[in-house]
Amino acid sequence: MTVREPRALVETNVRWHLATGAAEVFVFLDDPDDPAADALEALSGCRVQRCGPAYWAKRRPNKGRPASQMRRQTLNANVAQNRTSSEWLFHVDADEFIWQDRPLGPELAAMTDPETEVNLPVLERLFPVAPADHIFAGAFRATGTLEEAEADRAYAPFADFMKRGQYSHGAGKSGVRVGAGLRLGVHNATVRRGDGWRRAPKHVSTTARLLHFDGLTPLHWAMKFLRYRLTPADVQRAILQPHRAAQIDWMLARCDTAEQIRTAHQTLFALTPERVEALGAFGLIEEIPFDPRVPDLDLSPEAFDADILQRNPWLRELVDWSG
């Protein structure tokens, strides 16, 4: 994973995956001075790379650090593929956790074509209506492939903000057999065919899924949108799909204050009885007993937001978050 997130989230992610079967976790720190570096390096099985100017000069001699975060993620994922001693490598974000309904290992061992990627279907977290005492509370909306009329019923009034029933991405994330010649992307893998790269064949996992937390708090969610709008227009066009751009436009049109942002977030993400009923009619909501908390990390929304504001002082300049 390539990260620039609060330490508590990244460390929880690393610990979760090491505890549930990963042999090692590669963390590429987008900020080479990230204050989480020392704590992550102290975790057995965590391989930390600080992505400073020297790192990017070596990776891209005359070009340096890519402006696009997706390009940085892709390059880093394939650096990890060259460094790992594991047989399989999955590319995730700090806010994504692999959930195994049954052990993933036997499914990977049964894969016979080394050039086929293993795709993890994604579920997106929805928030409880009442405030929670930790950042992972809630239930999950499954990826859907509904017809237009059904989608309008299930997701109303925000179907236009979605792709495959998700506000973020419905593509899931992928893993590849290390050394088989596949190149990991952000969501998919590619394989060389003739003189170019083509999308690799895909096997959708039947044992594991990806739990995605599209914003761990309303502030975290808003930061993503506000940061997108501070990136160059050409980078925005490259990384934002139409449904995501529509969400950003909707949010920016009505969110000038912290209270307005919290209200908008509740409107999109709250597990209201109406939303539960609409999603449940199509079998699109799931209660998963996911709880990655450990006693020595403060995963309260208040502590998480404080870390975000400390790392991103520009947020205080845009919105007063003190209330």
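The values are calculated or read from the model by the stated rules, or taken from the named source; none is laboratory data. The structure displayed is predicted, hence computed values, not measured ones. With ideal geometry, Cβ positions are generated from the backbone for all residues, glycine too; neighbour counts draw on all protein chains shown. The protein model used for the area step is the full one, side chains on, heavy atoms only, and it has no ligands, DNA or RNA in it. Shrake-Rupley method; radii C 1.70, N 1.55, O 1.52, S 1.80 Å.
Side notes on the structure shown:
- Cα-only Debye scattering, the chain: base-10 log of I(q)/I(0) at q = 0.10, 0.11, 0.12, 0.13 Å⁻¹: -0.59, -0.73, -0.88, -1.06
- For the range 202-214, putting each phi into the Karplus relation 6.51 cos²θ - 1.76 cosθ + 1.60 with θ = phi - 60° gives couplings of 10, 10, 7, 4, 9, 10, 9, 9, 10, 8, 10, 9, 7 Hz, in residue order, rounded to whole numbers and with x for Gly and Pro.
- Residue of GLY179, GLY194, GLY165 that the Gaussian network model of the chain assigns the largest fluctuation, springs spanning Cα pairs under 10 Å: GLY194
- Structural descriptor for the chain: relative contact order 22 percent, calculated from alpha carbon pairs under 8 angstrom and at least 6 residues apart.
- Value of relative contact order over the range 107-260, rounded to a whole percent, pairs C-alpha under 8 Å and six or more apart: 29 percent
- Binning the C-alpha pair distances of the range 35-74 at 10 Å intervals from 0 yields a P(r) profile of 26, 41, 30, 3 %, listed from the shortest bin outward.
- Using the Cβ of TRP88 as centre and a radius below 11 Å, the other residues enclosed give a net charge of -2, where K and R count +1 and D and E count -1.
- Hull shadow area, averaged, the range 234-323 [alpha-carbon convex hull, nm²]: 9.1 nm²
- Span per principal axis, largest first, for the Cα atoms of the range 72-133 (Å): 46, 31, 17
- Accessible area expressed per residue, the chain, with surrounding protein chains retained (probe 1.4 Å, Å²): 46 Å²
- Length-normalised contact order for the range 173-299 - Cα pairs under 8 Å, 6+ apart - percent: 11 percent
- Near VAL27: Cβ cut-off under 13 Å, other residues only, Lys/Arg at +1 and Asp/Glu at -1. The net charge is -3.
- Within straight-line cross-link reach of LYS173, lysines at Cα separation under 27 Å, skipping those fewer than 8 residues along the same chain: LYS163, LYS202, LYS224
- Heavy-atom surface analysis with a 1.4 Å probe gives the chain a carbon and sulfur content of 51 percent of its accessible area.
- Taking all pairs of distinct alpha-carbon atoms in the range 1-111, Kirkwood radius in angstrom: 14.8 Å
- The Cα atoms of the range 88-203 cover 50, 34, 22 Å along the three principal axes, with the biggest extent listed first.
- Each semi-axis of the equivalent ellipsoid for the range 162-274 is √(5λ) with λ an eigenvalue of the Cα gyration tensor; in descending order they amount to 33, 19, 11 Å.
- Spatial offset of the range 282-323 relative to the range 152-200 amounts to 26 Å, using the alpha carbon center of each.
- Furthest towards positive pole of dipole, ALA139, LEU240, PHE97, structure part the chain, Cβ charges: LEU240
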